[in-house]
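Sending over a structure as C-alpha cells; questions will come in a sec.
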Amino acid sequence: MNVAVFPHAPAIAMGEEGKPVGFYVEMLQQVASKENWDLRFVPGTWQEGLDRVRTGEVDLITGVGFTPERATYLDFGKESSFTVWSILYANPKAGLRTVLDVQNRRIGLMRRDVNGEHFRDLCAQFNLAVTYLEFDTSEDVMRAVESGQVDGGVANNLFSYSQEAKFRVERTPVVFSPFAIFFAVGKGRDGELLRSLDSYLLEGKRNPSSGYSRAIQRSLAPPLKTAIPPWLINAGLGTLAALVLVILVALAFRRQVDRATAKIRELNTGLERELEEKRHMEDQILKVAEGVGVSTGGAFLQDLVRQMAMASEADIAFVGEKVSKDGSDWIRTLAVFQDGQPAENREWSLAGSASERVLREGTCVFPSGIQEAFPEDPGLRETTLKSYVGTPLKDSDGHLLGLLCVTNRQSLSNPSLVASLLRIFSARASAELERRSGEGARQVLERQMQHAQKLESLGV
C-alpha cells in the first residue's frame, strides 16, 4: 500500500535519514502489523499527494480536511483522526493584530490547503482587499513570513505549535475555523482500508493507553534537554554531577510542562471565546426573529430596526429606501429606532455618503472612524457617531431597493457579529420593500383605471 508523505511535522514528514516520521506513520504501522499491510511511503508536497491519490499512484493520504471539491475524487473515513484550527502568523515588523489589519497586505497560504480557503472566506466577509501568495508547504509559508516576502501567513495549529520556534515570526490572536481531518483514499477505491482505519481510531480514542493515544503523546510532547554539562564530567565530581543533572532535568521538565499547559489553556480560551461568540450570535438571531414575527408593512420594519438595535447594542438602527428626487438619488428612511425609542423619518442625498458606498459595493463595516471616512455625508454631519455597519437591500431581480444600517457613538467591539446579523435579516427586509414597491405600483394602476372610467362616464 502506497502512502503519500508531505512536510507536515509532527504529523507526517520525511526524517533526516530519509525515513518517514510522525504520529500518522506510527499509527499506520500499528494497523499494518495487524492487517498484514506492506507500507510504502511516497514523499512529495501536499499538492502532489492529492494529485497522486486522484491518479491512483498512491492509495492513502493523511490529515485531509473535507471539502465538496475534494469529495469529487476522494473517499473520506467516517472517524476523524484529529481536530485542528487555523492561525494567522505575522512578520514582527508587519503589525498584524486583528483580521482587519490584513487590508491591502500580502498573505502567504499553502497551495490547495483548507486553512487558506477558510482565511480567504474570512477576509471576504469583511470585504478586505488582500494579495495572496501560494506556497508548496507550511514551512515555505513560515519562511516567507520570516523573510518579509509576505506580511503574514496561515497554518494550522498541529504544524505551527510544534514548528513556530524555528522561525522569527509572531503568532497573532487571529485564530479561526476549527475543522476535523481524516484519512482519505481515491474515489471508489480501498473502502476496506478506510474501514480498518476507522475501527482503529474509534477504539483508540476510547482508550487513553491505546497505541493511537501514545503515538500522539509521543509526537506532541515537547523534547527535554538532559545532556550533562561538560565541566561536570571533566571535574570528575560524579555524585555532584548526578545531583545537578537530576535538578536540571526536573527544572527543564517543569518548564516544558508549564509551557505546554499554558498553550493548552490558551487554545481552550480561544475555542471557548469562539463558541461563546457563536452562541451569542444564535441567541441574537432568535431574538430578532421572535421580535419581528410575521408582521408586514410599517409595523414589521419598526419591529425589525428595534430588534436590530437591541441585538447589536447600537445607538441608531434604520431601514431606508432608495428614491429619486430633483434628478438625483436619495435615501428616505422608512423606520428609525434611536436611543431606545422610535424616531422621525428623514431623507438625505446619496452623493458622498456612506449609504452610497453600501449600495455600490455591498456590506460595509467601519468599526470606528466613520466621520473621517465620509466627512461630506449629510446623514452623519453634526453627529457624534463613530461606527457604522450597513448592507444593501435588493429585490428578487437584483435591483437595489435601499439599505439596512446600524450606527453607534462608540467603536464596535464585535463588528463581524453585527455584519452577520444584518446580512441574515436583509433578505426579510428586502422582501418587505419589494412587497411595498409592488403594492405601490398596483395602487397607481388602480388610480389610473379610476380616472379613465371617470373620463369615459363624462364622454357618455
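What is the magnitude of the charge dipole of the chain about its Cα centre, with +1 placed on the Cβ of each Lys and Arg, -1 on the Cβ of each Asp and Glu, and no other charges, expressed in debye to the nearest 20?
960 debye
Which distance in nm do the two modelled labels at Ile424 and Leu202 give, with both placed 7 Å along the Cα-to-Cβ direction?
Distance between the two pseudo-spin positions: 3.5 nm.
Find how many whole Å separate the alpha carbon centroid of the stretch 324-351 from the alpha carbon centroid of the stretch 362-390.
15 Å
Suppose all protein chains stay in the model; what accessible area per residue would a 1.4 Å probe give for the stretch 161-206, in Å²?
Result: 51 Å² of accessible area for each residue.
Take the solvent-accessible surface of the protein heavy atoms, probe 1.4 Å, and return the percent of it on the chain that carbon and sulfur atoms account for.
53 percent
State which entries of Lys34/Lys187; Lys19/Lys205; Lys93/Lys386; Lys93/Lys166 exceed 20 angstrom in Cα-Cα distance in the structure shown.
Table pairs above 20 Å Cα-Cα are Lys34/Lys187; Lys19/Lys205; Lys93/Lys386.
Taking the Cα centre of the stretch 123-167 as the origin, how large is its charge dipole in debye, to the nearest 20, when only Lys and Arg (+1) and Asp and Glu (-1) carry charge on their Cβ atoms?
Value, rounded to 20: 100 debye.
On to the next question. Obtain the nm distance between the two label points defined at Arg435 and Arg346 by a simple spin-label model: each point lies 7 Å from its Cα along the Cα-to-C-beta direction.
Placing both labels 7 Å beyond Cα along the Cβ direction yields 2.9 nm.
Still on this structure, I have one more. So what's the gap between the Cα centers of the stretch 1-59 and the stretch 154-222, to the nearest angstrom?
Between the Cα centres of the stretch 1-59 and the stretch 154-222 lies a distance of 14 Å.
Starting from the Cα of Arg168, step 7 Å along the direction of its Cβ; do the same at Glu35; then give the gap between the two resulting points in nm.
Each label point is offset 7 Å from its Cα along the Cβ direction, giving 4.6 nm.
Oh, and also: If packing is taken as the average count of other Cβ atoms within 10 Å, what order do 310-319, 416-425, 199-208 fall into, highest mean first?
Descending mean neighbour count gives 310-319, 416-425, 199-208.
The values are calculated or read from the model by the stated rules, or taken from the named source; none is laboratory data. As the structure is a computational prediction, the values presented were derived from the model and not from experiment. Note: ideal-geometry Cβ built from the backbone for every residue, glycine included; neighbour counts use all protein chains shown. Heads up: the accessible areas ignore ligands, DNA and RNA and are worked out on the full protein's heavy atoms, side chains in. Shrake-Rupley method; radii C 1.70, N 1.55, O 1.52, S 1.80 Å.
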